[in-house]
1. Among the residues of the range 4-28, write down those that are touching a residue at least 60 places away in the same chain (Cβ under 8 Å), within 17 Å of VAL93 (Cα to Cα) and hydrophobic (A, V, I, L, M, F, W, C).
2. For the list (1) in a helix (DSSP H, G or I); (2) in contact with a strand residue (DSSP E or B) (Cβ under 7 Å, 6 or more places away or on another chain); (3) within 30 Å of ALA27 (Cβ to Cβ), I need the number of the one condition that ARG278 fails.
3. Please state which one of ALA198, ALA220, ALA181, ALA193 is in contact with a Gly (Cβ under 9 Å, 6 or more places away or on another chain), assigned to a helix (DSSP H, G or I) and either over 18 Å from GLU257 (Cα atoms) or open to solvent by 50 Å² or more (accessible area, probe 1.4 Å) (or both).
4. Taking the condition over 29 Å from GLU122 (Cβ atoms) and touching a residue at least 12 places away in the same chain (Cβ under 8 Å), does ARG275 pass?
5. Restricting the range 223-249 to residues that are in contact with an Asp or Glu (Cβ under 7 Å, 6 or more places away or on another chain) and open to solvent by less than 30 Å² (accessible area, probe 1.4 Å), which is nearest to GLY175 (Cα to Cα)?
6. Return the total of residues in the range 93-107 being in contact with a Phe, Trp or Tyr (Cβ under 9 Å, 6 or more places away or on another chain) and either at positive phi or among the hydrophobic types (A, V, I, L, M, F, W, C) (or both).
Amino acid sequence: MTAPLVLLDAASLYFRAYFALPESMTAPDGTPVNAVRGYADMVAKIITDLRPGRLVSCLDADWRPAFRVEALPSYKAHRVADAGPDADGAEEVPDTLTPQVPMIMELLDAVGLTTAEAEGFEADDVIGTLAHRERTDPVVAVTGDRDLFQVVRDEPTPVRVLYAGRGLAKAELFGPAELAARYDLPEEGAGPAYAEMAALRGDPSDGLPGVAGIGEKTAARLVREFGSLAALLAVANDPTDRRLKPAARTKLLAAQEYLAAAPTVVRVVTDAPVRQDRESDAVPAGAVDAERAIALRDRWNLGGSVDRLLKALNQSR
């Protein structure tokens, strides 16, 4: 089997690592390193289990892109640190997580693992773009967020999502068949259908209100029956078309302004201007600078987490 290209939703994963591990894990100066240790362990496990030939940690260059906010001002608005008139648009994150992100980046650089971002875009868009471009290797996107389900496909190269919403130990692998079975969507085009369903359903965690009175099961049924959000709205706006029940028509017409904006917000971009920090995204057969990685381990008290990452890299070929 061809070794996959693994795309990591970095922020999604290190957020989960931060909340899964205690802040009592600290560097000698008292700085918490729970997210650093957790992310290193996640990457080590992914390399060991998936045996990728290539791996990229995908980053949020902009966690709340202007084009999405312009389409829907409520997009992630509740996550802004200061909602007052002087709000600077910064995301509200735990004070003890923010200093750990540069540490994660430095460790990845020391071992020789690639990162990528796109100015003005989220990590989802980086993953969507790299997956869309890939024509050589199968792709596995690893994330704790369901938004990326929309990128799954079988052709021209397979793209799968390893969903780690409950942690890597309980991660589930989704392709079109699994996605169709889980959400009762058509298997052909299951990824795009998921995005259409998500727009109808909404997502309070992202500030997407959805259509009032339409939950996940109803949203999936409507997408399955009508094929697309555009086709569904065309029916809703045609009073002579009796395929929609009056109650559903009323709900959809009341949400037309939202539904016009939702696709721009929900759909993952597949042509973002992605920049990688290394020319090659190949997983190195051993850390490119093991001495530096060990020095970081000792400086930050990262213990066995770095050792496990180095071991995974040494055994990656």
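1. Hits for the range 4-28 are ALA10, ALA11, LEU13, PHE15, ALA20.
2. So ARG278 meets the others, but not (1).
3. On the way: ALA198 fails: either over 18 Å from GLU257 (Cα atoms) or open to solvent by 50 Å² or more (accessible area, probe 1.4 Å) (or both); ALA220 fails: in contact with a Gly (Cβ under 9 Å, 6 or more places away or on another chain); ALA181 fails: in contact with a Gly (Cβ under 9 Å, 6 or more places away or on another chain).
From the options ALA198, ALA220, ALA181, ALA193, the qualifying one is ALA193.
4. The answer is no for ARG275.
5. Once the filter is applied, the top-ranked residue is VAL223.
6. Going through the range 93-107 one residue at a time, the tally reaches 6.
The values are calculated or read from the model by the stated rules, or taken from the named source; none is laboratory data. Small disclaimer: the values here were computed from a predicted structure and weren't measured. Neighbour counts are summed over all protein chains in view; Cβ atoms, including those assigned to glycine, are modelled from backbone coordinates with ideal geometry. Heads up: the accessible areas ignore ligands, DNA and RNA and are worked out on the full protein's heavy atoms, side chains in. Shrake-Rupley method; radii C 1.70, N 1.55, O 1.52, S 1.80 Å.
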